[in-house]
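Q: Structure in structure tokens, see below.
Please treat every number below as a calculation from the coordinates, not as lab data. Please read these numbers as outputs of a predicted model, since none were measured by experiment. Glycine gets a Cβ as well: all are built from the backbone with ideal geometry, and neighbour counts include every protein chain shown.
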């Protein structure tokens, strides 16, 4: 098949550290290429892929210093990608709804005659800000969204959507098993939380569970501002206690080996669910 993927422009494919959606997109494309499909990836110019890469911006937006609230370059990337798809002869186009700017794909794809499908990687509402503000623009895009074939990443993800989206199925994330193998080591007596330290990811829920049970807790990931790999751990200013994020590596064997073997892994309010695959890698570790 001749397949096109339009990736979100915020993080590179594959991601350097944070970027669950981009990791899933990368592994999916690599497997499609390995199976002999003709795959084209529309992404930022710093992407690494075995597929044909078409770019309209040289670097991912976060690496370029573009804040989440600035959508102009994101819209440019999506508009140019859709325009290119319309001029090509793809068998199917795979879209990825991960952040608020990806909602632009609904009207942009409305008159496309090529078969398409969109994976819902994230959670509604998309019209929101990290400071807790939530708007009502999501419902405006339902004018086009209800005609888009949608795939959820879990039954729970599909059930929690309040809008009448056109879900055609549930497809769980596929991960390369040569990178995600059980390590067979003894678990340690502590809880671990992995993610980006913003309220929607629920680090405060992991803290409360650890306090209620008296079990030590390790927080690992990014502080919420997508800091560079060379920066030291940063505090989470929205937490009532003074917690800092330990550095976590997000790819390959380093992810779990650097984390150790916690008794339980917390992924509360996990958007992509990509890293709850630790349940397979860390035998007996509960992903909560």
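Q: Calculate, in nm to one decimal, what residue 155 and residue 172 gain on full extension: separation in residues at 0.36 nm each, minus their alpha carbon distance. Mind showing how you got there, number by number?
A: Working: separation 17, 0.36 × 17 = 6.12 nm, distance 0.93 nm.
My answer for the length gained is 5.2 nm.
Q: Another question, then. Hey, fewest Cβ within 10 Å first, where do 54, 114 land in order?
A: Values: 54 18, 114 15.
Neighbour counts put them in this order, fewest first: 114, 54.
Q: Multiply the residue separation of residue 189 and residue 139 by 0.36 nm, subtract the distance between their alpha-carbon atoms, and state the gained length in nm to one decimal. Walk me through the numbers on the way to the answer.
A: On the way: separation 50, 0.36 × 50 = 18.00 nm, distance 4.51 nm.
So the chain would gain 13.5 nm between residue 189 and residue 139.
Q: Under the rule a/c < 1.5 gives rounded, and otherwise a/b versus b/c splits prolate from oblate, where does region 100-163 land using the Cα gyration tensor? Present the calculation step by step, with values, prior to reporting the outcome.
A: On the way: a/c = 2.14, a/b = 1.32, b/c = 1.62.
Since a/c reaches 1.5 but b/c is at least a/b, the shape of region 100-163 is classed as oblate.
Q: Just to be sure I understand: of the beta bridges DSSP finds with both ends in region 2-170, what percent are antiparallel, rounded to 5? Mind dumping the intermediate values first?
A: Working: 1 of 25 bridges.
So the antiparallel bridges in region 2-170 amount to around 5 percent.
Q: Additional query: Taking the Cβ of each residue in 99, 128, 88 as the centre, tally the other Cβ atoms inside 10 Å and list the residues starting with the fewest. Write down the numbers at each step before the final one.
A: Working: 99 20, 128 16, 88 13.
The order, fewest Cβ neighbours first, is 88, 128, 99.
Q: Run the quick spin-label model on residue 48 and residue 215: label points 7 Å from Cα toward the beta carbon, then report their separation in nm to one decimal.
A: 3.5 nm
Q: So, one more: Please give the FRET efficiency for residue 112 paired with residue 146, using the beta carbon to beta carbon distance and R0 = 22 Å, rounded to the nearest 0.05. Can you show the working numbers first?
A: Details: r = 15 Å, r/R0 = 0.69.
The formula returns an efficiency of 0.90 here.
Q: Classify region 2-170 as rounded, prolate or oblate from the Cα gyration tensor: take a ≥ b ≥ c as the square roots of its eigenvalues, call it rounded if a/c is under 1.5, otherwise prolate when a/b beats b/c and oblate if not. Intermediate values should be presented prior to the final figure.
A: Numbers: a/c = 1.44, a/b = 1.17, b/c = 1.24.
It comes out rounded by the Cα gyration axes.
Q: Among 22, 31, 155, which comes first, then next, by fewest other beta-carbon atoms within 10 Å? Could you put the intermediate results ahead of the total?
A: Numbers: 22 27, 31 15, 155 10.
Exposure proxy ranking, most exposed first: 155, 31, 22.
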